[in-house]
Each structure stands twice: as structure tokens, then as C-alpha cells.
Amino acid sequence: MNPLRTTILILLGTLALTLTPLAAQQYVAKMPEALQEFWNDYASIKAEGEESDIDRHMRKNTALGERLLVYLVAEYCSAPTPDYSLEGEMRTVAWSLDRVGGQERFIERVRLVTGLEFNERRERLRALFRYDEGLELLKEARFEKDPERLKLADTAFKEAAAVLERLGDAEFTCFALQKSAEVARIEERLDDLEVVLNKIIELGEPLPYEFLVVDSAHALLRDIAKVRSGEGTEVRSALEEKQASGRGLDSYAEGSKERIFPVTYVVPKKGMPDVLLPSFAPLEQDFIWLSSFMDGNGPTEFDAWREGILKPFGKPLLISRDGVEYGFDADHDGEPDVVDSLSSTPKTFVIPNPDGGHPYALRVSVGGDTEVQFGTSLNLAPSQEFASVRFNVGGYLEADVDGEAWRFYDTNLSGGMDNGWMGYGDWITALGDDERQAFYEVDGVQIGKSDKALPWSSVIAREDGFYRSYVNESGTELSLRAMYLEQGQVQLEMDTAVVPSYLVIREVGELAGAFFDVVPAKKRGAVTVPAGTYEVVFGRLESGKKTDMKVARIYKGRSEPFTVEAGATYTLELGAPYDIDFDMFNEGEETVVDTRSIRTFGRGGEEYAMLFNEPLQAQLDVRTAAGKKIEKNKKLRAAGYEEWDLAQDESSGQRNVLWFPVRHRVPNTKGEPLQARLHLKKHKLLGGPFDSGWQPETE
């Protein structure tokens, strides 16, 4: 965890700025549990042993030692008058950490803090609060692609840096300026970036210890020089100062260095590799690939309906057609850059890069005139007025990592490798009055000969531990650096009829962009993940092959975040039993059970949606508000061609009518309040049981 953020969290959780001085021992009860255990061992060794014994303990637990110092400094700064016993503990811990590290970084920090007046210590704390606000804004801006939040983050970092510099705290001033530099890099303000980097060097180089933030500033200045001379095309993301705290993206393993591997783009001649990818749409089941709609012949913007529009070269593609020939225009010059005929058999389109970089390949098809979906033969072929173009990833990036092939798949079809984006709504599942479907679309990485790709992540698991991972925007370099992270495990208890292909969780604390698949390689196994706070964001159930495949999606739904503690195992219980939500409404002299509004939630609150080729054929009970049964165990009828044909004029009916049972109508000439209950013992993918309880609920 970043030491600044640790300070803020501790202050928020345990301190007020008006605490009176206490002896150091009295602070222990308020420490986080992990620190209490470390403190007890440290205090025992200090009481009985020599300096060398303390240093040996610090060397084995450097991350906890640094966190302890952050805690002690925060306590000291919160007191209105100096607490000399606490000051002594700070110096002992700092000296030990510095002897282990071979420098005087931490004792310099203690000297600075103890030399400040009370009001100055308060100012320093407020600056750290402001810095923390900037971190939150920067994280939100990156994932929501919000330029306004980016500006607010930059303001917070600059304000914090100004106060810290005035107080003489060069170390933390450089931390704040480094984040301001990161904002300038993202916004491509090279002149401003150069000014900030030179300021970091001015403040950081005189410090009496090695400071990697300064090395990072020099590296970025070299990148800027290359860009201006025409030798380079981009400025790399700022290297993080090593903070081996066991938490956070900046927690690097001692002695580790960033390693760069060249990346090339591959368009396979014999079709995509036979690999399981973390996508809602398996490569072999093209009936449920993403679709882009076009009226007439175009040109029209391709993939214009999703939150994460496909932009392989920085802007959307344009698509047009002439009969059965379809063309993609990447440079928007009005002329297609690649043209080929399309049919219901997928074909690879290799779209050239207007800027001369690597191309982007798509697998593309259109509907056929006799497609069988949900057991119903449909004519989904293009007409003169309308065409639905299906697409999926058709190429991949590849790198040789220590003799092992890594393949990177843009499975979320954003146009490049990124750390996921959040989607809301799937165009099939009904939107609730107070909630929408929430899920993450992620990219994938296949490591070595594995037949299953991992979700691409800011943190990647290898056999020897976790690595900070990054593919640059141009898709030409892979960056890896070994991390030191506290670890726990997730034991997935998934009560479904089939084992999920994926169940992906996202870390929502200090590891921005970190995704992990927790489906174990062996039954009843546990998956090791970094300690942290997580939420369910993506999953897939499937059975069968090719276009006969049955598929179900898993979303976050109503599930709550959960915490994986260091050294502990968290049991994640999902699946059966299931809760069903649905709506009812009166229409004329009938009450309609709106089966198209069905939403299904598992025992962990997770949602199951888009049950392709296997809709939820529940049984129905209906009663009056007084409890008189009208219908019992009525099996809902599966929708077929008749319902699909009748629904073609509806705004959304044709899109989702086959995914749910037929709407059920109950005679109700009196218009009296009725209640309905949906239930089912077992589903071929999800298992069961399912039960909605009586809807609508009565008080």
C-alpha cells in the first residue's frame, strides 16, 4: 500500500487531530490487527535481543515495518505536543529499516516530522488528505475516462505538493508531483510534464539516499526528447517509487526492475487458436457475438451502441456495404480500406492502421436465412433496409517472455489491451426501476501452452509470484516487474449444474485494474490472490459445442464486496438457491405476468443473465391477494417462431422474446390485485432450485 494512502486510512479510521499525548504502548490497541501482531514480535525482540535481531526481524517483514513507521508518524503528528516515548519508537523503527536498506531515508523522514511545529504537523496531515483525494479522483478518471476528474486530481496533487514543499518535505513533495506528472502525461501536455519532472529532479536529487522517483523523472525526460526529435512516439507511464508494503500497485519486490519485451501483432492464417477466452461470447459460438447494426448501405459508425466502442486506431471504424460486400474505413476518408464479401460463415478482416502501426483483425459474419436459435429456425439474413454484423477478435499480440509465448487478446473489443471497462445493460435483460446490470468486459492473456487465457490485469500471476503488467498504447511493448504482495486465497463454492468457465473478481482497493479468475484448475482447489477487497464482475457458464452451445452470463448483480485477508482463505459462495424477480401489470381485463422482465440472482447476490439456447422455463402459481389459488404449477410455454414473428414490430421484443418464456395472461375481469410466484427445481446450466416468492410482496 502506498505509505501516503496508508497514513490517510489510519487517520480516518482511528485518529482525531486533537488526541492528547500517550505513551507509545497505549497506541497498540488501536493498531490494525496485522500491525499488532508485528508490533508484539518487534517489542519482544527489542526487549530481549540486540540491534542485529531487530534488523533480522525487519528484513523478513520490511513491508510491515514500513507500515508500522507510517502508523507511528501519523500518531505523532496528531498529538498537540510532542510525545517523546513515541518519538523514540519512531527513531528505533526508522534506523532499523535504514540499516536493512543501506540508506538513511526513513530516519530523515522522522527528523523532518519531529522538527515541525504542531501547526505545521497539522498542515502536513491536511496535505496528505488532499493527496489522497487526488488518488481517488485519478483512479476514477482512468476507469470512467472522465477529463474533469483528471483536472480535479491534478489540482489536488499540486495543492498537496505546494504545502509539502513549503514544509521542507522533499520526499512527499516528489510523490505528489509524480502523480501530477502522470496527469500531464495522460493529457499529453509535454511542456507542463517537462516542468514538473525537472522540479522532481531539483527536489529529489539532493536527498541523501537513492530515490527511484528521480530515476523515473530522468527516464520520462528522455522519452520527451525522443518524441520531440521524432525518434519516439509516446511517453511511458511514470515508474512508481518502490514501496514494498505488500499492498498496492507500487509494492515492488526488493531489487526488482522493470523488464521490457517487444510485442508483435499476429493474424493467424488458419483461424484463431483453440483457447478459452474471458469473453461473454466464445469464439466458436458466433450467434452471440457482439453485433453492430446498419440501416441501408452506410457508411455508418461501427459498434456505436456499447459503453466501450471499438476504436483500434483511436476513433470508431466506419462500415458500408454494396450487396454482399462489406467494407471498413479506418481513416474516415470516405473510401473503405478493406472490402470482402460476408456470409453467415465468419471471415477475417484485416484492417490497416492509418498511422502505419500494426493492423487490427476482426472475425466478422452476418446472420443466415435458416439459423436455429432456442430450437427455432430464424431468417436473420441482411435485407436491403437493415443488416446486423457480428464480430469478434480476429488477431492477437504476442511476446516472447523468457522463452514462453504470451498471447494478448482484445476480448472486450475496445481496440487495444486495457484493464477492463464497466458495462451497464445488455439489451436483453430488463432494466429494473432502481438498478441496472453491471459487469466488466476484460481482455485476455494466454501464457505458454495453457488452453485457458487469464483475464488481462494490472497484476498478473506467474509461477514465481505476482507481476505488475502493462502493454503500451501502441501495442509494441510489454512491461513486467516483480511485486511483493501480501497474499490470501479464494475458495469458490459454486452450486451450479456445470462448472463455470470463468468467475472473475476485481480488486476495488489499492490494485486498480487487477482482475483474477477464481475458478480453480482442480476441483475443490483454492486460488491465490493478493490480499485486498474484491467484487464479482464477470462469469460464464456453458455446455455444448459451436452454435449448439448453451451459454449463461454472470454479473455483479446485488453481490457485496468482500475482503481477502493476508494468509487467510475466503469462501465465495455463489449459485443455488436462486431468487427470481419479475413484473406484473394489468392490460384490459387481464393481468400479465411479464416473463421478459425476469431477473435471476444467486445466493451471493450475483446475477445470471442472457441464458442463450436454454431459457428459464419456470412454473407459475397465481393467487388472489386473499390467498385463493387461481393457477398452480403452470409450466410456462417456451417462445418460438410465432412469438418472434409477432414481436418484430416491437421496439425491443424481437431482440429478447426468445430468451424468456411466453408472457402469461391471467383473466381478471374485476381488476383485483393478484400475486404470482415463479419456481423451478433445476436448470441445465444453473442447477437449482429457483423461487421468486409471491410477487408483488405485501406488507
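The values are calculated or read from the model by the stated rules, or taken from the named source; none is laboratory data. Note that the structure is predicted; figures quoted are calculated from it, not measured. Here the Cβ is made from the backbone with ideal geometry for all residues, glycine too, and neighbour counts use every protein chain on show. The protein model used for the area step is the full one, side chains on, heavy atoms only, and it has no ligands, DNA or RNA in it. Shrake-Rupley method; radii C 1.70, N 1.55, O 1.52, S 1.80 Å.
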- Of the listed residues (VAL504, VAL536, VAL518), the one being in contact with a Ser or Thr (Cβ under 6 Å, 6 or more places away or on another chain), aliphatic (A, V, I, L, M) and open to solvent by less than 20 Å² (accessible area, probe 1.4 Å) is VAL536
- Message: Taking the conditions exactly as written (modelled with pLDDT under 90, surrounded by fewer than 20 Cβ atoms within 10 Å (Cβ to Cβ) and either of a type outside the set (A, V, I, L, M) or not in a helix (DSSP H, G or I) (or both)), does GLY232 satisfy them or not?
- Response: yes
- Has the stretch 189-209 got any residue that is in a loop (DSSP other than H, G, I, E, B), modelled with pLDDT under 85 and under 19 Å from GLN103 (Cα atoms)? yes
- Task: Consider GLY367 carefully, then state whether it is closer than 18 Å to GLY308 by Cβ and surrounded by 20 or more Cβ atoms within 10 Å (Cβ to Cβ).
- Result: no
- Message: Of the conditions (1) surrounded by fewer than 18 Cβ atoms within 10 Å (Cβ to Cβ); (2) closer than 26 Å to ASP83 by Cα, ARG121 satisfies every one except a single condition; which number is it?
- Response: (1)
- Note on the structure: Residue hits (the stretch 423-438; open to solvent by less than 10 Å² (accessible area, probe 1.4 Å) and not in a loop (DSSP other than H, G, I, E, B)) are GLY423
- Message: Among the residues in the stretch 411-422, are any part of a strand (DSSP E or B), charged (D, E, K, R) and within 19 Å of the chain's Cα centre (by Cα)?
- Response: no
- Query: Which one is surrounded by the most Cβ atoms within 10 Å (Cβ to Cβ), of the residues in the stretch 253-301 that are of a type in the set (Phe, Trp, Tyr) and either assigned to a loop (DSSP other than H, G, I, E, B) or touching a helix residue (DSSP H, G or I) at 6+ places or on another chain (Cβ under 9 Å) (or both)?
  - Reply: PHE280
- Message: So, LEU177, is that one over 28 Å from GLU87 (Cβ atoms) and either of a type in the set (Phe, Trp, Tyr) or free of Cβ contacts under 8 Å to residues at least 40 places away in the same chain (or both) or not?
- Response: yes
- Query: Name the residues in the stretch 515-526 that are modelled with pLDDT of 95 or more and of a type in the set (A, V, I, L, M), would you?
  - Reply: VAL518, VAL519
- Message: For the stretch 461-498, give me each residue that is in a loop (DSSP other than H, G, I, E, B) and either touching a Leu at 6+ places or on another chain (Cβ under 7 Å) or in contact (Cβ under 8 Å) with a residue 40 or more places away in the chain (or both).
- Response: ASN472, GLU473, SER474, GLY475, THR476, TYR484, GLU486, THR496, ALA497, VAL498
- Enumerate the pairs (first residue in the stretch 337-358 and in contact (Cβ under 8 Å) with a residue 60 or more places away in the chain and within 20 Å of GLU398 (Cβ to Cβ); second residue anywhere and part of a loop (DSSP other than H, G, I, E, B) and open to solvent by 60 Å² or more (accessible area, probe 1.4 Å)) with beta-carbon separation below 8 Å, excluding pairs fewer than 6 apart on the same chain, so at least 6 apart or on different chains. GLY357/THR476; HIS358/THR476
- For THR173, state whether it is polar (S, T, N, Q), crowded, with 23+ Cβ neighbours inside 10 Å and in contact with a helix residue (DSSP H, G or I) (Cβ under 8 Å, 6 or more places away or on another chain). yes
- Note on the structure: Filtering the stretch 321-333 down to residues that are open to solvent by 30 Å² or more (accessible area, probe 1.4 Å) and either within 16 Å of ARG363 (Cβ to Cβ) or assigned to a strand (DSSP E or B) (or both) yields ASP322, GLU325
- Note on the structure: Picked from the stretch 681-694 (must be in contact (Cβ under 8 Å) with a residue 60 or more places away in the chain and open to solvent by 30 Å² or more (accessible area, probe 1.4 Å)), the residue farthest from THR624 (Cα to Cα) is LYS684
- Task: May I ask you to verify whether LYS546 is open to solvent by 20 Å² or more (accessible area, probe 1.4 Å), touching a residue at least 24 places away in the same chain (Cβ under 8 Å) and charged (D, E, K, R)?
- Result: yes
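Residue by residue, here is whether (1) modelled with pLDDT of 95 or more; (2) charged (D, E, K, R) holds:
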residue: LEU276; (1), (2): yes, no
residue: MET294; (1), (2): no, no
residue: GLY314; (1), (2): no, no
residue: LEU317; (1), (2): yes, no
residue: TYR326; (1), (2): yes, no
residue: VAL339; (1), (2): yes, no
residue: ASP355; (1), (2): no, yes
residue: SER365; (1), (2): yes, no
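Residue-wise test of (1) aliphatic (A, V, I, L, M); (2) under 24 Å from LEU686 (Cβ atoms); (3) free of Cβ contacts under 8 Å to residues at least 24 places away in the same chain.
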site: SER597; (1), (2), (3): no, yes, no
site: PHE601; (1), (2), (3): no, yes, no
site: ALA609; (1), (2), (3): yes, yes, no
site: ASN633; (1), (2), (3): no, yes, yes
site: PHE660; (1), (2), (3): no, yes, no
- Inter-residue pairs, beta-carbon under 8 Å, first assigned to a helix (DSSP H, G or I) and in the stretch 147-160, second crowded, with 17+ Cβ neighbours inside 10 Å and among the hydroxyl-bearing types (Ser, Thr, Tyr), 6+ apart: ASP154/SER180; ALA156/TYR131; PHE157/TYR131; PHE157/SER180; LYS158/SER180; ALA160/TYR131
- Query: If only one of LYS226, LYS269, LYS242, LYS257 is modelled with pLDDT under 75, on the phi < 0 side of the Ramachandran plot and among the charged types (D, E, K, R), which one is it?
  - Reply: LYS242
- Would a scan of the stretch 449-460 turn up a residue that is farther than 17 Å from VAL519 by Cα, open to solvent by 20 Å² or more (accessible area, probe 1.4 Å) and in a loop (DSSP other than H, G, I, E, B)? yes
- Item | Candidates GLY395, GLY375 - the one that is small (Gly, Ala, Ser) and open to solvent by less than 60 Å² (accessible area, probe 1.4 Å) | GLY395
- Inside the stretch 58-139, counting only helices (runs of 4 or more DSSP H) that do not spill past its ends, which hold 2 or more residues that are acidic (Asp, Glu) and over 29 Å from ASP154 (Cα atoms)? 84-101
